[in-house]
Every structure is written in C-alpha cells, then in structure tokens.
1. From the list ALA137, ALA113, pick out the single residue that is touching a residue at least 60 places away in the same chain (Cβ under 8 Å), crowded, with 19+ Cβ neighbours inside 10 Å and not acidic (Asp, Glu).
2. Considering the stretch 286-295 alone, what residues qualify as being open to solvent by less than 10 Å² (accessible area, probe 1.4 Å), part of a helix (DSSP H, G or I) and within 18 Å of THR142 (Cα to Cα)?
3. Please state which of the following conditions PHE245 fails to meet, knowing it meets all the rest: (1) in contact with a helix residue (DSSP H, G or I) (Cβ under 7 Å, 6 or more places away or on another chain); (2) open to solvent by 40 Å² or more (accessible area, probe 1.4 Å).
4. State yes or no: is LEU132 within 21 Å of the chain's Cα centre (by Cα), open to solvent by 10 Å² or more (accessible area, probe 1.4 Å) and modelled with pLDDT of 95 or more?
5. Scanning for something in contact with a helix residue (DSSP H, G or I) (Cβ under 6 Å, 6 or more places away or on another chain), over 28 Å from LEU111 (Cα atoms), surrounded by fewer than 21 Cβ atoms within 10 Å (Cβ to Cβ) and free of Cβ contacts under 8 Å to residues at least 12 places away in the same chain, does the stretch 18-37 turn up at least one residue?
6. Look through the stretch 391-436, keep the residues that are closer than 18 Å to LEU603 by Cα and buried (at least 22 other Cβ atoms within 10 Å of the Cβ), and return whichever of them is modelled with the highest pLDDT.
7. Would you check which residues across the stretch 338-374 are free of Cβ contacts under 8 Å to residues at least 60 places away in the same chain and closer than 18 Å to LEU91 by Cα and list them?
8. Does ASN274 fit the bill of being farther than 30 Å from SER99 by Cβ, open to solvent by 30 Å² or more (accessible area, probe 1.4 Å), of a type outside the set (Gly, Ala, Ser) and part of a loop (DSSP other than H, G, I, E, B)?
Amino acid sequence: MPLVKGQTQYRPDIDGLRAIAVLSVLFHHLNPSILPGGFIGVDIFFVISGFLITSQIYLEALKGKFTLKKFYQRRINRIVPALLFLVIATLISGLVLLSPSDLLSLLRSSLFAMIGLSNIYFWQEYGNYFALDTNEAPLLHTWSLGVEEQFYLLWPLMLLILIKFKRIYMLGILATLTIIAIIFSETAIKFFASASYYMLPTRFFELMSGGALAIIFTQRTPPSNHVSFICTISGLIMIGTGFYFLNKTSTYPGINALWPCIGAALVIWAGPNNNLASKLLTSRFMIFIGLISYSLYLWHWPIISYIHYVGLKINFIVGCCIIFLSIFMAWVSWKFIERPMRQTGVHLTFSTVFIQRFALPVTGLTAIFSAIAYSEGLPQRFDPIVANLEKFLEFKPDQSRHLCHVPTAMYKTLPNASCRLGTTKPELDGLMIGDSFANHFTGMVDILASSSGLSIMDYTMDGCPPLKNYTIKKSKSYAEKCKARNDMTYSMIQSNPYKLVVLAAHWPYEPETKQYLIDSIEAILNTGSKVTLILNNTSIENAHSCPIKRAMYKTDNNCDARQEELPHYFAEISSRFPQVHFIDPNQIICNEQNCSPILQNTLLYRDSSHLNELGSRLIGELLIQKGISLVTVIWDHSPISRVTSTSSERR
C-alpha cells in the first residue's frame, strides 16, 4: 500500500499532545498534589519523539536519502541552541544565588547536560528522582534529554539494519524487541529502582514504541471520524488515569509506563479529525503551547528550582508568576533561538554545525568550570563562614563507608572485615545493623566504641530497619530484599553470637512496628548478646542548607525545629526490656525541646534528616562528656520522655 498522503505534513494534533505532556510536567513540579502522576508527561514526549523522528528516518531511508551526518546535524540544531541558552541563563543566575558548592554542582550538571549524559550524572548524584534535595537542582529535568540523545545514537543504526528485512518481518522484530524491552524494564525496577527511572535501557521501549508506530503508520488506512474519536478519547483517558493514579511511590517505569505510552500512541494513531476531542487538541492555545513545548520544558524547572532554593513557598500567586514567566521565556527561546537556529542550520555543513553549535559551547563550559573549580566556587561572593559550613557537607558516611553501607540492590552483600568502628584489635566485640540512619550514626558509634575499648562492625543497608520480617509500607521488591537481608543478619547473629548488637534506624511510627521490634530484641537477647538501641534524631527541614543560606543572604531565618516525639511503642519497649540500653542523640542536638542543625560552629546534618560524618562524631564526643557510653547510659531524662499518650506520630 502507498504511504498515506500528507503523513509527513504538519500534525497540529501532535502539538496538542505535546501541550498536554509539558503542562502535566509543569503542574506536577509546581505542586505534586495537583497531578500526582504528572511526571508521565516525559513518557508522552518519548513516544512523540520516537514517532516523529522515526517517520523522518524511515521515509528518507526508503528513498535512499538518509545519512547519519544529516540526522545528527538536525539533532544538534534542534536540541543544543535552546539548551545552551537555558544553561547560560541558569549559570548567570547561579553566580548570584548559589553557594560555592552548589555552583560547582550546577557547572558539572551543565557539562553533562550538554553532552547528553545528565541522566547518568543525576542518578549518581541524587539516586531517587523524587528525593527532597533534587528540588534545588536547576538542571535535573535534562535527564530526559540524556535518555533521548543516547537512544538516537543507537536507533538510526538499528533502523538501517531492520529496513533490509521484509516489512512484515521488520514489524515482527520490532514487536518482539518492544515486548522484551518492557519485560526488562519491569524486571529492572525490582532490583535497581533509582537507576531504572533515569537510564535508557529501562526507557528504551517508550521511544521504540513510538518508532514502531511510525513504521506501521506509513501504510495504515486512515480511520473514520467515529474510530478516530474513540481512539482519541481512549488515549486521553489512559493518560488522565496515569496522571491521577500514579505517583512518586509507584514502581516506574516498567508496566506502569504503558498507561501514557499506549494513550499517546492512540492519540497519534487517531490523527486530526473533525470531532470534539481533536478540536480541543488543535485549539490555538494548545498548538501554541505545543510549539514552544521544548523550550517550556527547559525553562520551567530552573525557575521553580531557584524559587525553592531561595526559600519562597509556591502559593497560588507565586505559582501563577512561575507559569507566566516560564511561558514567556519559552516563547523568547522558541522565537529567537529555536526557529532561527533550525532554519539557518539546514544550510550549514555538518562540520560547521558540530564545531560552532556543539564543540565550542562544550569547550567554553569546560573552561568556565575549570576556572570556577580552581577558585573553589568563587567563595569570595559570600561571607567566609559559608565556605566553612559547606565543608561539613563533604563528609558523607554513606560514601566514606561504602563497603560497609550498601544500596538495597546489593542486599546480598556479606559483612566486610574492614568495616570496624572503635578500637583496633583482633577480636570483634559487636555488630551494628540498620538502615541509612544507622550508617549516619557510625561516626558517633566510632567515638563511643573507642571510649569503651570496643570493636564494632557496621553492616547497614538503605531503607531497611533491622527488624525481623519487617515489610510495612514497602513495595514488594523492597520488602523482599529487606526481609532477605534481615534473615541473613539474624541468622548470622544466632550462629555467631556477639557481645553487643547495636540497632539503629529511622524507627517507623506505625503501631505494628512494636511487635517486630520485640521479636527482634528477643531473638538477639536469646543468643546471650547485649542490645544497645539508638533512637531517632529529630528531622529539621533544610537542616543542611538553612544555616548556609542564612549566612549567604544575611537573613535572620530560624533554622531550629521542635523536638520530634518518639514512636509511642518505645515506652513499652523500655519497660519490657530494662536490660536494653538506649542512646538518644537528641540529648545533644536538642535543648529544652528545641533542636538546632548547628552546634559549636559545626553543621550537624547533610540533609533534612541524616547527619554528616563530622556532626555525628561531635555528637559522640558530647555524649561521652555527659557520661554516656555505648553500653551504659546515664540518662539526664527518661529515654521515653519524647513519647506522649496521644497517637500524633509524625513521619
């Protein structure tokens, strides 16, 4: 069958679909409660991109006109100029607003964004895309550009191979590869949840499905208005379902990503027709937003990120201002950067485009980064105390003790003989187990163990309280890994009893946790081991950044917080197990119910909840001054004084 007439012509309905994608991301970033699953707008973009670019490659290849040079020349003209404009504006703003350390982070992310590797950078830097500290990363959203550009390094070559097969075989191979890619994505998120969100292999099926649709589309029979209407409505319903039933706790991408992908594919398949749904997609407003969608995607997040950084709350008025400024800057970028660069870029040679529009900007950014890195982030812009406080953030126990603390994916890791806290001696006295909060207490425990002449091995893992069979409020994948890890740990304690077992975690507030903790303590005590339990430290909003920004901007912001209550079940635990020793870090962090992130000119925290290594060690030293050791605790107040009779627990 011949190609559908006008298939390569402009599709206003696809611009409408782009508008849905970018607006969903924008409103999700403004306030996730508005559109909990608004992040799936990126997946819609992936399908659209796969469809449009594959259509172009496929038709050119059939005519024998496709070349990789022309393809990558178009990609540079399409992506790089607007991105460079955004990066320059973001860096200029960063010179005014960002601390030395944050400015260096922005420069690093700028370089990775320009070379299409920011998804890898942000995965390594932050892990979870939805982590609180990602709110202040101005170029975080460029991870999706990295996925696309990596895809288009491989996809044209794959198409050139596939096009040599008969069409029926080519479609069969594509269908098989897409199914395999979906299965791989669904499997990978069970083992590498954070990496799966950012990485190409788990996103490959989204772009590839758009590409497969493009090849099918070349010989399809246009649907009737009735069928087109049903496809469009069905597609929009699937997308809308994803907006409201998916959220940051959903396993993603995997099978959950099929909602936006199939929805987008149905809308594209339907095409523009004379029905209500199509008219809404092709309205003047939707087409305008669709035309500027790439620049709008680029601009909205740095604006929101800087709003977060300077501490402004995004209320209705601020949100409206963000929307207006984002759309205005996107229009400026589209009209004066995107369109002119794409038009002039067609008439230039590949080498000219590559050198002038890619190589030179990257080289320039590298030179700027080197100069600013040499100056350690231009600290002279602020009071010297800013640079001094930032140095504490460099001491991260999860990195310094990376052989002892592991991510969930490495739950089978065995204890490492080099992971010792306290006194250096041949025999091992005890074991410290727990989650990332146990890891951040290692500096404190090292000081306390040294004071008592003890040698303690730390053996900790992200997101896993040291509770036998604990699975509360965890996805199936995480629950299975946490249970397997604790099974292995408690089996090890039983077969090789220690003098002391230290339990530490961000202890859950759910009442059901009590029985898990009772069972765990009894299992340890039955081996003849002593038990020391470290209580929760108070979380303080922006504990790591508030004192720094107070010094930067010369404000009188109060960085302190009220002391948090303990989970109520600790009252019974303390009474039931008088032989269990409790250590409360809040005896040092807090004073008269008020808790401070800074003590003796030392910044204690590395985020809103976790301590940095130097802060943890200072707490250990001050606990010793209070007469508190790892095995004998002298309380200035009851360890259960933070427990009230009410059930007003806080997460």
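1. Values: ALA113 fails: touching a residue at least 60 places away in the same chain (Cβ under 8 Å).
Going through ALA137, ALA113 in turn, the sole match is ALA137.
2. First, pick out the residues of the stretch 286-295 that are open to solvent by less than 10 Å² (accessible area, probe 1.4 Å): 289-290, 292-293, 295.
Going one step further and asking which of them are part of a helix (DSSP H, G or I), we end up with 289-290, 293, 295.
Within the stretch 286-295, SER293, SER295 meet the criteria.
3. Exception for PHE245: condition (1).
4. On the way: within 21 Å of the chain's Cα centre (by Cα): yes; open to solvent by 10 Å² or more (accessible area, probe 1.4 Å): yes; modelled with pLDDT of 95 or more: no.
Spelling it out, it is not the case that LEU132 is within 21 Å of the chain's Cα centre (by Cα), open to solvent by 10 Å² or more (accessible area, probe 1.4 Å) and modelled with pLDDT of 95 or more.
5. Within the stretch 18-37, one or more residues are in contact with a helix residue (DSSP H, G or I) (Cβ under 6 Å, 6 or more places away or on another chain), over 28 Å from LEU111 (Cα atoms), surrounded by fewer than 21 Cβ atoms within 10 Å (Cβ to Cβ) and free of Cβ contacts under 8 Å to residues at least 12 places away in the same chain.
6. PHE392
7. LEU360, THR363, GLY364, ALA367, SER370, ALA371, TYR374
8. Details: farther than 30 Å from SER99 by Cβ: yes; open to solvent by 30 Å² or more (accessible area, probe 1.4 Å): yes; of a type outside the set (Gly, Ala, Ser): yes; part of a loop (DSSP other than H, G, I, E, B): yes.
Answer is yes for this residue.
The values are calculated or read from the model by the stated rules, or taken from the named source; none is laboratory data. Given the structure is predicted, the values throughout are model-derived calculations rather than measurements. Heads up, the Cβs are rebuilt from the backbone with ideal geometry, glycines too, and the neighbour counts pull from every protein chain shown. Side chains are part of the model used for accessible areas, which takes the heavy atoms of the whole protein and leaves out ligands, DNA and RNA. Shrake-Rupley method; radii C 1.70, N 1.55, O 1.52, S 1.80 Å.
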